[in-house]
1. So, in the range 21-57, of the ones that are loosely packed, with under 13 Cβ neighbours inside 10 Å, within 13 Å of the ligand (Cβ to nearest atom) and within 24 Å of the chain's Cα centre (by Cα), which residue ends up nearest to GLN89 (Cα to Cα)?
2. How many of the residues in the range 136-151 are of a type in the set (Val, Ile, Thr) and farther than 18 Å from LEU52 by Cα?
3. In the range 150-177, what residues are within 18 Å of the chain's Cα centre (by Cα), more than 13 Å from the ligand (Cβ to nearest atom) and in contact (Cβ under 8 Å) with a residue 40 or more places away in the chain?
4. Taking the range 58-69 as the search range and keeping residues that are in a helix (DSSP H, G or I) and within 20 Å of the chain's Cα centre (by Cα), which one is farthest from ALA91 (Cα to Cα)?
5. Please state which one of ILE72, ILE94, ILE81 is in a strand (DSSP E or B), more than 10 Å from the ligand (Cβ to nearest atom) and either surrounded by 16 or more Cβ atoms within 10 Å (Cβ to Cβ) or not assigned by TED's automatic domain parsing to the domain that holds SER130 (or both).
6. Is it true that SER131 is under 23 Å from LYS276 (Cβ atoms) and within 16 Å of the chain's Cα centre (by Cα)?
7. Taking the conditions exactly as written (near the ligand (Cβ under 9 Å from one of its atoms) and either under 27 Å from SER174 (Cβ atoms) or touching a residue at least 12 places away in the same chain (Cβ under 8 Å) (or both)), does LEU112 satisfy them or not?
8. All but one of (1) within 16 Å of the ligand (Cβ to nearest atom); (2) acidic (Asp, Glu); (3) in a strand (DSSP E or B) hold for ASP192; state the number of the condition that does not hold.
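The values are calculated or read from the model by the stated rules, or taken from the named source; none is laboratory data. None of the values given here were measured: they were computed from a predicted structure. Cβ placement follows ideal geometry from the backbone for every residue including glycine, while neighbour counts extend to all protein chains displayed.
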Amino acid sequence: MTPFELAEPKTLNEAIALLDAEDPDVRPISGGTALMLMMKSGVFRPNRLVSLQRVEADYSRIQRGGDGTLRIGALASLSQIEHSGEVRQVAPVIEKTMRHLSNVRVRNVARLGGNLAHGDPHMDLPPVLSSLGAKAIVAGPSGQREIMIEELFSGYYETVLDRNELITFVDVPSQAGWSSVYFKCTTRSADDWPALGIACSLRVENGSIGDVRLMISAATEKLTRLVATEKVLRGQQASEALFERAGESAMAEAEVIDDSRGSASYKSELVRVYVKRALRQASVGATQS
Ligand SMILES: Cc1cc2nc3c(=O)[nH]c(=O)nc-3n(C[C@H](O)[C@H](O)[C@H](O)COP(=O)(O)OP(=O)(O)OC[C@H]3O[C@@H](n4cnc5c(N)ncnc54)[C@H](O)[C@@H]3O)c2cc1C
């Protein structure tokens, strides 16, 4: 490994000042579970790493607002999020997702900000958080901006973040009236990387789908919202026939790519079957809540 500088700032502002908008070899590091693999394989050779481990504890906190909203610090570990009572109360789907996200050793070290900023389309949290309508709060030298999680990804391992911007928090709105599920389809063990991730949140009003957010990941180049399929669903009576139609629509809409976890045609079939299952399960949850 080539030598590099490791900076350990004590404040977020210092960390931002140590980043460099022009230099791709200067990067923040939070848990290091993704970055260290890239360094070991020689894909990434840093000049400087800016560790976020020592910045203010505020960025690791998980807080629930009186209105049912949730604010998760970007430096909270995945285990902290998994075991948080606040997270379970607002969005139990996050806790359920964590149980099959890698293993406890990785979850103890990895941080929410790193999970999102890495831009890997196989990550489990981006589809879940975007189906919940969550947004990232991002800080840079000129202040803060908010980015919906569904708009954070611009391509394969690419995000819309500037090199000197940091994710500081993720805000999840109140989930009152919404029912959410996540299906992680793996071709090996249950906690392997997914061949397909499908997250669905919906509201049922008088037996009809009042609103729906349908996200797909891992089978596509980047996190993708199935907008056309949502239109097939909105305002329609929830039924097996409707879910069947939505599965067909999703299969036609998703631009599926192949990788080591399956061919594009196999993954397209997964999309058809699992969109149907996700809708069925979410609508049962919605009528019971
Ligand atoms: C064996 C193994 C199995 C795994 N299986 C799964 C799985 O099944 N599902 C899944 O979803 N994930 C899986 N992962 C991936 C794991 O979830 C990620 O590696 C982890 O979430 C990244 O977080 P980190 O804090 O370690 O990021 P780091 O490695 O520290 O950083 C990752 C990237 O994010 C940038 N970054 C870090 N923090 C910030 C911030 N606050 N703002 C802006 N940029 C930032 C870094 O510069 C870097 O580019 C697996 C990982 C391993 C090692």
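1. LEU37
2. Adding up the residues that qualify gives 2.
3. If the condition is that a residue be within 18 Å of the chain's Cα centre (by Cα), more than 13 Å from the ligand (Cβ to nearest atom) and in contact (Cβ under 8 Å) with a residue 40 or more places away in the chain, then GLU150, SER154, GLY155, TYR156, ASP171, VAL172, PRO173, SER174, GLN175 are the ones that fit.
4. Only one residue tops the list, namely TYR59.
5. It is ILE72.
6. Yes.
7. Yes; evaluated as a whole, the condition is true for this residue.
8. ASP192 satisfies all of (1) within 16 Å of the ligand (Cβ to nearest atom); (2) acidic (Asp, Glu); (3) in a strand (DSSP E or B) except (3).
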